[in-house]
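Colleague: The structure under discussion is supplied below as structure tokens; questions concerning it will follow.
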Amino acid sequence: MSNPLKIVVVDDHQLILDGIMASLKENGNYEVVSSTNCDAAFAKIKEGSFDLLFTDLSFDNSSFSTKIESGEQLIKAVQKEKSPIKIAVITGHTETNRLYNVIHNLKPSAYLLKNKCDATELDFAIKKIMNNDVYYSHEVHQKLIKRACVEIQMDEIAIQILSELPKQSKISNLVGVIHKADGSALKLRSIEGKLANLRIDLNAVNNTDLILKAKELGIID
Amino acid sequence: MQYKKHIFLFSFFLICNLVFSQNSMVEKDSILYYLNNATGKNKLKELKRAVSLAEKIQHDSLIRETNIKFGLQSYFKKKHKNVEIAQQNLTKLYLCSHDSLALAKVYHYKALFHLLNFRSDSALYNYVESKNISARIKDSLEVGRRLLSMANIQRDGKDYLGSEISAIEGLRYLEPINDYRYTGFLYTNLGLVSSKAGKYKEARSYLNKSQEINEKNPNRKRKIRARLNYYNNMGTSYINEGNYEKAITFLKEGLDFDSIAVKYRSKYYLLVENLSDAYILQKKPEKAYQGLIAVNKLKFKNKDIKGLSTSHNLLSKYYYAIHNEEKAFRHAKKGLKYAKKSKHLLRETRALKLLAKSNMVSPKTANDYLKRYIFLTDSLYKRERAIRDQFAKIRYETGKKEKENTLLKNENDEKQIQLEQEKQQKTISFLLALGSLLLLGISVLVFKHRRKKMAFEAQLQKVEAREEERQQIAKALHDEVAGDLRLLHQQLEKEKQTTIAESLNAVKGNVRNLSHQLSSVSFDEVSFKDQLINLVSDYYSSGCKISLSGLKENNWSILENSIKRTVYLASRESVQNAHKYAKATQIKIWLSLDKNNAYLRIEDNGIGFNLSEKASGIGLKNQRERVQELGGNIEIVSRINKGTTIQIEIPIHV
């Protein structure tokens, strides 16, 4: 690690900023720059070649002269610059809508919750990010799974598959058991495709795990 | 098995049909058989049977044919009643089928019926009607035949002028269609009329013409009859002219015909009697005797009463000619008797005339005969004149009627055209009126629709404006009030005033909450669908199950943002309430959309609340306001411990 990672941290609370900086220094060889507002952060990012951006989502300190008022706007602006900088969100926002919106539209490399975050998690997340991986805090994960769970419940076929699967010894036995809304039977390939999607949505390693998780989440009885 | 059964049924129906159609075929055949082969004694009976058969199978043209034949035969047989029946049947047929052929026959048979009842004027009138109908349907043969009948009736009624007019009119119809039989008759009639009018030469040229045509008639019997008539008519015309020699040659030529006395008896009588008359008038009565006696005997044998009166009258004339007064008187008496018996006034006058000049009775009796003779001739003359007048009147009136008819027809046509034009104009103006009414209606509708749309748009704008206002308040609360509070809080913390700082923190939280409640949502970044799922996900847990339906099934993107926002915020409010205050373990959300409205129904099994309590809060009030701003309805039902149901209905467009 010859060149230290260049990191920008943006948060409207100085205390939090200090905390994050301290945690980062604890971990290793980082070159960290901080800012309490987005406009300044964006200017710095444009100037120098940074490797990573940590940003909050909402900023209470915006005034009339402020151009970039939120983390989302900052991320968009940075992404528009097409710089290779990695983006991580560190915020207190746990509402599904906010996090889903951010994850779905902006696809940050990490979504961390600052009230639960410590130096270890931060370090782990940075390693993952720099390894081109994605890291979400546990609670964020939970939220995403819950959301998937709600969506699955609205999906008649998914419910059918999840309730029928434990009764069958093989997946192929499901053919003829699962029916679409118009009454036609679902083909094996469609069933397998659906199961694969379900495993991703519920973060399950295999079909047995999927069933267990579905039961745990109350999707099936 | 089933199949076999079907075949069986099918063949059964087939057989039935065959049998039935055969039945009617058989009936048709037998009708045709009766029509063509009815002869002799049973002719009328068989025709009557044919009539009733035709009636039974309801075959219009057969009903017509059978009745025509039946009626005519009945006339020949002088069956008044039957003629009337045929006429009534034809009337019925006409009323059903409006068959002009039948109507012409109706009048024809009415005429025949009157003829049988010696009402020649009524007969003539009906003949005229029948003729006119046939003329209208261009049935020349029928027209010619009716005119022939008319000519004959008129001639009998001594309306010679009328008879001549009718005959000539008849020729106009018959000659173009090369009819021999009736054309011949018409010429004969013209000959007879001319003869009566004293135009003997003209009469004979007509008769010759008639004979010329008759010779072309392919029917042998008819040809012979016509020829015998011709000799007789030629004979009488010469007698009338006083050329007895010529008359005798013609009459004798007629009598030379083979077995005439047997085959053509009536012609034979006529020829013999006219010949005898010619001999008597020629003052060669002795030549007349043999023929007269033979005819007299034949007539007596055949009980020919009418004929006998003529015969005895002639015999009386003969005896006068040979100066046998006694026998002359006796025959005249007999002539009178038979004439009276047969109700033949003309023959009665002839007999009376013969009796009046008899020396066998006292002058007083002779005088009585003479008086009776004068009286009868007088009344005969009067009757004839009356008939003639009547005929003339009919002739005049039909002529006038025809003229009037053409006039009326023209007038009618004009009127019809005028009416048509008026009707057209009416239709056009009606259509125009309808069109303009329609246009007016459409424009009113369009106008109303536009106004409604404009009102709706204005409403939406108002909603947006309010929304903006709310946003500004929310932003002000969040940025300014909360910001100030934060600064205050930081200061208090620095000054270690922890209790106040904490309560200030709580106030800050409330302000944030309020701001959050007021804050709007936008569907630009995340769709309505996703946001609703996100919302549900936030509150979903194994302890509080939320079901959401109708979201994927409908296309929400077509809705105005303000409507989606209201639906979303209402859902959020309700779910929050159910979760936070009502402690529901089950929340059900139904969404639906049709072409007029968006619907939202949220049901929870929470503890419910009292709607009248003020505590039901700003949230609900806010919801109600938003829904009402959009012209929608909101209905909230909540009962303590029974849960809450909220139903919202928002019109989606106008």
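Colleague: Which of the numbered conditions does B:T365 fail, given that it passes all the others? Conditions: (1) more than 30 Å from B:E348 (Cβ to Cβ); (2) free of Cβ contacts under 8 Å to residues at least 40 places away in the same chain; (3) surrounded by 11 or more Cβ atoms within 10 Å (Cβ to Cβ); (4) among the β-branched types (V, I, T).
Modeller: (1)
Colleague: State whether the residues of the stretch B:400-412 include one that is hydrophobic (A, V, I, L, M, F, W, C) and surrounded by fewer than 12 Cβ atoms within 10 Å (Cβ to Cβ).
Modeller: Filtering the stretch B:400-412 for residues hydrophobic (A, V, I, L, M, F, W, C) gives B:407-408.
Keeping just the survivors that are surrounded by fewer than 12 Cβ atoms within 10 Å (Cβ to Cβ) gives B:407.
Within the stretch B:400-412, one or more residues are hydrophobic (A, V, I, L, M, F, W, C) and surrounded by fewer than 12 Cβ atoms within 10 Å (Cβ to Cβ).
Colleague: Separate question: May I ask you to list the residues in the stretch B:368-378 that are surrounded by 13 or more Cβ atoms within 10 Å (Cβ to Cβ) and not aromatic (F, W, Y)? Outline the logic, then answer.
Modeller: Step one: of the stretch B:368-378, the residues surrounded by 13 or more Cβ atoms within 10 Å (Cβ to Cβ) are B:368-370, B:372-374, B:376-377.
B:D368, B:L370, B:R372, B:I374, B:L376, B:T377, listed by residue number.
Colleague: While we're on this one: What number of residues in the stretch B:460-486 are modelled with pLDDT of 80 or more, within 12 Å of another protein chain (Cβ to nearest Cβ) and surrounded by fewer than 16 Cβ atoms within 10 Å (Cβ to Cβ)?
Modeller: Residues in the stretch B:460-486 being modelled with pLDDT of 80 or more, within 12 Å of another protein chain (Cβ to nearest Cβ) and surrounded by fewer than 16 Cβ atoms within 10 Å (Cβ to Cβ): 1 in total.
Colleague: If you don't mind, there's one more thing I want to ask. Out of (1) part of a loop (DSSP other than H, G, I, E, B); (2) at the interface with chain A (Cβ under 7 Å from one of its Cβ atoms), the odd one out for B:L535 is which?
Modeller: (1)
Colleague: Right, another one. Of these, B:S74, B:S52, B:S30, which one is within 26 Å of B:N132 (Cβ to Cβ) and either at pLDDT below 80 or of a type in the set (S, T, Y) (or both)?
Modeller: Numbers: B:S52 fails: within 26 Å of B:N132 (Cβ to Cβ); B:S30 fails: within 26 Å of B:N132 (Cβ to Cβ).
Residue meeting the stated conditions: B:S74.
Colleague: If we keep just the residues of the stretch B:342-359 that are more than 57 Å from the chain's Cα centre (by Cα) and not in a helix (DSSP H, G or I), which is surrounded by the fewest Cβ atoms within 10 Å (Cβ to Cβ)?
Modeller: Quick first cut of the stretch B:342-359, residues more than 57 Å from the chain's Cα centre (by Cα) only: B:349-359.
From what is left, the residues that are not in a helix (DSSP H, G or I) are B:357-359.
On the way: B:K357: 14, B:S358: 19, B:N359: 11.
Only one residue fits best here, namely B:N359.
Colleague: A follow-up question, please. For the stretch A:90-100, which residues satisfy the criterion of being in contact (Cβ under 8 Å) with a residue 12 or more places away in the chain and either in a helix (DSSP H, G or I) or more than 11 Å from every other protein chain (Cβ to nearest Cβ) (or both)?
Modeller: Going residue by residue through the stretch A:90-100, those that are in contact (Cβ under 8 Å) with a residue 12 or more places away in the chain are A:90-94, A:96, A:98-100.
Answer for the stretch A:90-100, where residues must be in contact (Cβ under 8 Å) with a residue 12 or more places away in the chain and either in a helix (DSSP H, G or I) or more than 11 Å from every other protein chain (Cβ to nearest Cβ) (or both): A:I90, A:T91, A:G92, A:H93, A:T96, A:R98, A:L99, A:Y100.
Colleague: Still on this model: Tell me, yes or no, whether the stretch B:256-265 has at least one residue that is in contact with a Gly (Cβ under 7 Å, 6 or more places away or on another chain) and over 21 Å from B:A151 (Cα atoms).
Modeller: So far as the stretch B:256-265 goes, no, none of its residues is in contact with a Gly (Cβ under 7 Å, 6 or more places away or on another chain) and over 21 Å from B:A151 (Cα atoms).
Colleague: Same structure, new question: How do the helices (runs of 4 or more DSSP H) wholly within the stretch B:129-246 filter down when requiring 3 or more residues that are within 23 Å of B:L116 (Cβ to Cβ): which remain?
Modeller: Values: elements: B:140-156, B:160-174, B:181-196, B:200-214, B:220-241.
Output list reads B:140-156, B:160-174, B:181-196.
Colleague: Taking the stretch A:164-221 as the region of interest, how many residues are part of a helix (DSSP H, G or I) and closer than 25 Å to A:L144 by Cα? Lay out the reasoning, then the answer.
Modeller: Pass one, the stretch A:164-221, residues part of a helix (DSSP H, G or I): A:164-167, A:171-174, A:188-201, A:207-216.
Keeping just the survivors that are closer than 25 Å to A:L144 by Cα gives A:164-166, A:190-201, A:207-216.
So the count comes out to 25.
Colleague: Does the stretch B:367-394 hold any residues that are more than 55 Å from the chain's Cα centre (by Cα) and farther than 18 Å from B:K340 by Cα, and which are they?
Modeller: If the condition is that a residue be more than 55 Å from the chain's Cα centre (by Cα) and farther than 18 Å from B:K340 by Cα, then B:N367 is the only one that fits.
Colleague: Which members of the stretch B:538-558 meet the condition of being assigned to a loop (DSSP other than H, G, I, E, B), more than 7 Å from every other protein chain (Cβ to nearest Cβ) and without any contact (Cβ under 8 Å) to a residue 40 or more places away in the chain? First the steps, then the outcome.
Modeller: So in the stretch B:538-558, the residues assigned to a loop (DSSP other than H, G, I, E, B) come out as B:540, B:542-543, B:550-555.
Retained after the next criterion (residues that are more than 7 Å from every other protein chain (Cβ to nearest Cβ)): B:543, B:550, B:553-555.
Of everything in the stretch B:538-558, those that are assigned to a loop (DSSP other than H, G, I, E, B), more than 7 Å from every other protein chain (Cβ to nearest Cβ) and without any contact (Cβ under 8 Å) to a residue 40 or more places away in the chain turn out to be B:E553, B:N554, B:N555.
Colleague: Also: Would you check if there is a residue in the stretch B:227-237 being closer than 30 Å to B:V272 by Cα and outside the structural domain of B:Y264 (by TED's automatic domain parsing)? Working first, answer last.
Modeller: Applying the first criterion (closer than 30 Å to B:V272 by Cα) to the stretch B:227-237 yields B:227-237.
Filter again for outside the structural domain of B:Y264 (by TED's automatic domain parsing), leaving none.
Among the residues of the stretch B:227-237, not one is closer than 30 Å to B:V272 by Cα and outside the structural domain of B:Y264 (by TED's automatic domain parsing), which makes the answer no.
Colleague: Evaluate the stretch B:496-517: report whether one residue or more is within 30 Å of B:G631 (Cα to Cα), within 14 Å of chain A (Cβ to nearest Cβ) and of a type in the set (S, T, Y).
Modeller: yes
Colleague: Could you check, for the stretch A:9-19, whether at least one of its residues is in the same structural domain as A:K76 (by TED's automatic domain parsing), crowded, with 16+ Cβ neighbours inside 10 Å and within 20 Å of A:P84 (Cβ to Cβ)? Steps first, please.
Modeller: First, the residues of the stretch A:9-19 that are in the same structural domain as A:K76 (by TED's automatic domain parsing): A:9-19.
Filter once more, keeping what is crowded, with 16+ Cβ neighbours inside 10 Å: A:9-13, A:16-17, A:19.
So of that shortlist, the ones also within 20 Å of A:P84 (Cβ to Cβ) come out as A:9-10.
So far as the stretch A:9-19 goes, yes, one or more of its residues are in the same structural domain as A:K76 (by TED's automatic domain parsing), crowded, with 16+ Cβ neighbours inside 10 Å and within 20 Å of A:P84 (Cβ to Cβ).
Colleague: Evaluate the stretch B:431-451: report whether one residue or more is in a helix (DSSP H, G or I) and touching a residue at least 24 places away in the same chain (Cβ under 8 Å).
Modeller: Pass one, the stretch B:431-451, residues in a helix (DSSP H, G or I): B:431-451.
Among the residues that remain, those that are also touching a residue at least 24 places away in the same chain (Cβ under 8 Å) are: B:449.
Scanning the stretch B:431-451, I find at least one residue that is in a helix (DSSP H, G or I) and touching a residue at least 24 places away in the same chain (Cβ under 8 Å), so the answer is yes.
Colleague: Here is a follow-up. Report yes if A:L53 is assigned by TED's automatic domain parsing to the domain that holds A:I68 and crowded, with 19+ Cβ neighbours inside 10 Å, otherwise no. Outline the logic, then answer.
Modeller: Values: assigned by TED's automatic domain parsing to the domain that holds A:I68: yes; crowded, with 19+ Cβ neighbours inside 10 Å: yes.
The answer is yes for A:L53.
Results for (1) modelled with pLDDT under 90; (2) surrounded by 13 or more Cβ atoms within 10 Å (Cβ to Cβ); (3) more than 14 Å from chain B (Cβ to nearest Cβ); (4) in contact with a Lys or Arg (Cβ under 8 Å, 6 or more places away or on another chain), shown as yes or no for each residue.
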residue: A:K67; (1), (2), (3), (4): yes, no, yes, no
residue: A:K82; (1), (2), (3), (4): yes, no, yes, no
residue: A:A88; (1), (2), (3), (4): no, yes, yes, no
residue: A:Y111; (1), (2), (3), (4): no, yes, yes, no
residue: A:C117; (1), (2), (3), (4): yes, yes, yes, no
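Colleague: Here's something else I'd like to know. Every residue in the stretch A:29-50 that is surrounded by 19 or more Cβ atoms within 10 Å (Cβ to Cβ) and within 14 Å of another protein chain (Cβ to nearest Cβ), please.
Modeller: Hit for the stretch A:29-50 is A:N37, nothing else.
Colleague: Are any residues in the stretch B:298-322 over 16 Å from B:S266 (Cβ atoms) and assigned to a helix (DSSP H, G or I), and if so, which ones? Spell out the reasoning first.
Modeller: Start the filter on the stretch B:298-322 by keeping residues that are over 16 Å from B:S266 (Cβ atoms), which leaves B:312-313, B:315-322.
B:H312, B:N313, B:L315, B:S316, B:K317, B:Y318, B:Y319, B:Y320, B:A321, listed by residue number.
Colleague: Select from the stretch A:174-211 the residues that are surrounded by 12 or more Cβ atoms within 10 Å (Cβ to Cβ) and within 14 Å of chain B (Cβ to nearest Cβ) and list them in ascending order.
Modeller: A:K180, A:D201, A:L202
Colleague: Going through B:K595, B:K564 one at a time, which residue ends up being more than 13 Å from every other protein chain (Cβ to nearest Cβ), within 60 Å of the chain's Cα centre (by Cα) and within 21 Å of B:H653 (Cβ to Cβ)?
Modeller: Details: B:K564 fails: within 60 Å of the chain's Cα centre (by Cα).
The conditions single out B:K595.
Colleague: In addition: Restricting attention to the stretch A:119-141, report how many residues are within 14 Å of chain B (Cβ to nearest Cβ) and either buried (at least 16 other Cβ atoms within 10 Å of the Cβ) or part of a loop (DSSP other than H, G, I, E, B) (or both).
Modeller: Going residue by residue through the stretch A:119-141, those that are within 14 Å of chain B (Cβ to nearest Cβ) are A:139-141.
Okay, now just the ones that are also either buried (at least 16 other Cβ atoms within 10 Å of the Cβ) or part of a loop (DSSP other than H, G, I, E, B) (or both), so A:140.
Number of matching residues: 1.
The values are calculated or read from the model by the stated rules, or taken from the named source; none is laboratory data. Remember, it's a predicted structure, so these values are computed and weren't measured experimentally. So basically every Cβ, Gly included, is an ideal-geometry build from the backbone, and we count neighbours across all protein chains shown.
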